[in-house]
1. Only one of these conditions is not met by residue 315: (1) free of Cβ contacts under 8 Å to residues at least 60 places away in the same chain; (2) out of contact with any Lys or Arg (no Cβ under 8 Å at 6 or more places or on another chain); (3) of a type in the set (S, T, N, Q); (4) surrounded by 15 or more Cβ atoms within 10 Å (Cβ to Cβ). Which number is it?
2. Identify the residue in the stretch 60-93 that is polar (S, T, N, Q) and at pLDDT below 80 and, among all such residues, is surrounded by the most Cβ atoms within 10 Å (Cβ to Cβ).
3. Yes or no: residue 263 over 31 Å from the mean Cα position of the chain (by Cα) and part of a strand (DSSP E or B)?
4. Open to solvent by 40 Å² or more (accessible area, probe 1.4 Å), touching a residue at least 24 places away in the same chain (Cβ under 8 Å) and over 20 Å from residue 421 (Cβ atoms): does that describe residue 572?
5. Are there strands (runs of 3 or more DSSP E) fully within the stretch 766-819 with at least 3 residues that are out of contact with any strand residue (DSSP E or B) (no Cβ under 8 Å at 6 or more places or on another chain), more than 19 Å from residue 228 (Cβ to Cβ) and among the small types (Gly, Ala, Ser)? List them.
6. Scan 649, 658 and give me the residue that is of a type in the set (Ser, Thr, Tyr), in a strand (DSSP E or B), open to solvent by 20 Å² or more (accessible area, probe 1.4 Å) and within 30 Å of residue 796 (Cα to Cα).
7. What pairs come up if the first residue lies in the stretch 405-425 and is under 11 Å from residue 345 (Cβ atoms), the second is among the aliphatic types (A, V, I, L, M) and open to solvent by 10 Å² or more (accessible area, probe 1.4 Å), and their beta carbons are under 8 Å apart, counting only those six or more places apart or on different chains?
8. Quick one: how many residues across the stretch 104-120 are in contact with a helix residue (DSSP H, G or I) (Cβ under 8 Å, 6 or more places away or on another chain) and either open to solvent by 10 Å² or more (accessible area, probe 1.4 Å) or modelled with pLDDT of 80 or more (or both)?
Amino acid sequence: MIFTATHKKDREASPSTQKRNLLASVALLGLTAGLALPGTALAQQSGTSVTDTIIVTAQKRDQSIQDVGIAISAYSGEQLEKLGIETSIEIINFTPGVSMAGDIGGQRALFNIRGVVQNDFSDIAEAPVAVYVDDGYLASTQAQTFGLYDIDRVEILKGPQGTLFGRNATGGLVHSLTKRPTREAEGYAEVTGGSYSQFRGEGAISGPLGEKASGRVSVMYNNFGDILDNVYSGVDAQGRTGTPGGGEDGYNDDTFAIRGQLQFDFNDNVSFLVIGNYADTTKSEGPYQGIGSIAVLDDQGRHIDTLRAPDSNSNCEAITASTGACVNLFADGDTDGVRPVVGGDLFGNLDPDGHGNKVNKDFAFDDENKIRSRGLSGKLTWDANWGTLTSISDYKHFYRSISLDSDQSATPLALFQSDGEIDQFSQEIRLNGKTESTNWVAGVYYLSVDSDVTQGLSYPEESPFLVGFPQIIFGLPGVVFDPFEDNTTGKLRTDSYSAFGQIDFQLSDTLTLVTGLRGIIEEKKYNQVIGEFANTDDRLIETATSTGFVPRAPFADSTSDFLWSGKAQLEFTPDEDHLYYIGVNRGVKAGSFNIKLFDGVTLTDDQIPYEEEVLYSYEAGFKATLGGGAARLNGSVFYYDYNDYQAFTWTNNSGFVTNNDATYKGAELELLTSPADGLDIIANVAYIDATVKDLEFAPGLTKDVTPSFTPDFKTSGTIRYSWPAMGGFLAAQTTASYQSSVFHNMRNFTGHRFGGWAEVNARLSWESDDGSWGGAVSVDNIFDSRHGVIGFDVSSFGGYTQESYARPRWASVSVKRNF
């Protein structure tokens, strides 16, 4: 059984509440440590324990996780099941130094490892944390939120991994590996019912297909109903009507995924694995909520801070910092500089219940956003006397069409829309071998990515902008523009060629020198066109009928760069239970191009491209197996020196990347122990102090800032206890997590801070003696905290901030049959 409890802090919790939640988490971890004392449990343990040896491939060969001089957190498929983890982002709560860089109701999420993240929402952007599934790289950040079904293990590697892994792994790597076909017939089926009418089903069947072949088919389906209750009446506070047919409830999911595998074992030395996969997701428009916010301007009109309107007594559209005087914003088409309602946006809209489940917005459809992917890969393995040859060919296609109400209110102000398609192909060929004193790997890698993205801002028929633009911007009082949309189309072709190698030299029985190097030739071709078009359908991106206005000239550029990453590390192994390591890594993430929305501001030609980022990582750590295998204690300290860190900054109603230097330093500690039969404990803690230097937060103004979505402190603890009962084993589990506050915007304004949170989940499960039947009851987010997870400051555009909150309390019941 797994009993998990989650207490999350409210987004705007007071300092005293934050301290109280932190103390509660520390107390729970203290209780965890107390329960870990020998003799506290006498029951037998069923199945897997947290201290079972996990074999990982972090260095392109099979090794015990405790024998690898890298900070790694890894989970077997059985551990994931017993912990109740169903999606990639749920792993975050269990992993030190890893946090979530934004989420849109599960529609988009990025892994933030040790504060390394780039929160660019564009489909052409690649993340500095590389994500792989079955040795295949996911180029699209939109593909990084995926369901975990029929999984063999998940490996999370921290720090630069670019020497052995082929792509942009300055921050680290997340690698999910699925279960392989078996020579014995087997399978399982599992169904889950939960809150908001959730139904989730998954299953797999595997077995031989003749003497030389075997196959496996895995499927997953997940559906839940609308979480957000839309109270839209058909008009806004000032009587404007919105998008026809809108006003539906939202924040839902309808996902189907299937994976098929064929394994050909030609002989004892040669095998070939083919994997095909497909996934299709339909969701509502982005489940944001609109919170009134006030731009603070200096005497030159520069945006230097943002305040949350509900926390202010001011009804100004914007405020002058020096005098406190109201400043007019053109969006509402008037010139009085005053909001209709204190705490609301420029148009009198107030969120119905703060960060609760009620919303009031016109552009809301429960089937608006579509995400599809398909892929095919082949892996050839040949074991010879001299070593192993591995060839991996991988093709993936991603499609995403999303829209959202930019103002998140009943006013038909503006809509964000994006259509993107990505085709990628990669080929890796590598050789592995060893001698009496070395282990070595060498190879070549090629990646091609074609991205075609159109995204923009659309202004509906009764948008106040259609009055505000001609009156304030063009000095044409009484003129009303027809509905239009400004769309940016970007086409990016990337070709990346690299050669790599790593050698582990055993200098003595206890000392090993690890050296690695990767050389990369990165070629990019980019074309961008921004156009203005007639808007005849709010739910479509339209590029057919131009208005004749061209916001900026087309842009085209190409680059060809030589990049390199490297590693040098010493490892000391005094005995089989202890490993100490110290080393330096050089990581690199290629430069690219900005595809900024036209929100009234365009980038110059020299602002569209940005440079590669280079990270020098200095790290020392240890891995200890204690109590004859009853516990594992792993720790690390690190210092990061960034040159040209790629910083994504959101301003007005769009964002772009600039290059800034940065420094990070931190430490992590992780304990996994099974101190008695049936008792498993996981406890971890991470601290980071990160600074991005001289960020331009307003024209001509710079300051040092904290990277977005980077908590100073993060900790979690899990206790799981199992005992014989009812012809099998019952198990109870509880998990508590705490994360300190973060900024959702790199500019670090007052209103950009999300408060820290603590979460408690609970799970109770049963498994039969022979493992053929199982079931579980779980409750996630027991205390129903709705802390903020992503935000976009649009205070200078419309007097509001888009915010999305954590999923509410969620109860579920599941039944599983293995055969």
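The values are calculated or read from the model by the stated rules, or taken from the named source; none is laboratory data. Just so it is clear, the structure is predicted and the values come from calculations on it, not from any experiment. All Cβ positions, even for glycine, are placed from backbone atoms using ideal geometry, and neighbour counts span all protein chains on display. Ligands, DNA and RNA are excluded from the accessible area calculation, which covers all protein heavy atoms including side chains. Shrake-Rupley method; radii C 1.70, N 1.55, O 1.52, S 1.80 Å.
1. The failed condition is (2).
2. Restricting attention to the stretch 60-93, the residues satisfying the condition of being polar (S, T, N, Q) are 63-64, 66, 73, 76, 79, 87-88, 93.
Those still in the list that are at pLDDT below 80 too: 87-88, 93.
Working: 87: 15, 88: 20, 93: 24.
The selected residue is 93.
3. Details: over 31 Å from the mean Cα position of the chain (by Cα): yes; part of a strand (DSSP E or B): yes.
Yes.
4. Numbers: open to solvent by 40 Å² or more (accessible area, probe 1.4 Å): yes; touching a residue at least 24 places away in the same chain (Cβ under 8 Å): yes; over 20 Å from residue 421 (Cβ atoms): yes.
Yes: the conditions hold for residue 572.
5. Working: elements: 773-780, 788-794, 800-805, 810-818.
Per the criteria, no element qualifies.
6. On the way: 649 fails: open to solvent by 20 Å² or more (accessible area, probe 1.4 Å).
Going through 649, 658 in turn, the sole match is 658.
7. Listed pairs, sorted by first residue: 410/235; 410/237; 411/237.
8. Our first condition is that a residue be in contact with a helix residue (DSSP H, G or I) (Cβ under 8 Å, 6 or more places away or on another chain); within the stretch 104-120, this holds for 106, 108-111, 120.
With either open to solvent by 10 Å² or more (accessible area, probe 1.4 Å) or modelled with pLDDT of 80 or more (or both) added as a condition, the list becomes 106, 111, 120.
Of the residues in the stretch 104-120, 3 are in contact with a helix residue (DSSP H, G or I) (Cβ under 8 Å, 6 or more places away or on another chain) and either open to solvent by 10 Å² or more (accessible area, probe 1.4 Å) or modelled with pLDDT of 80 or more (or both).
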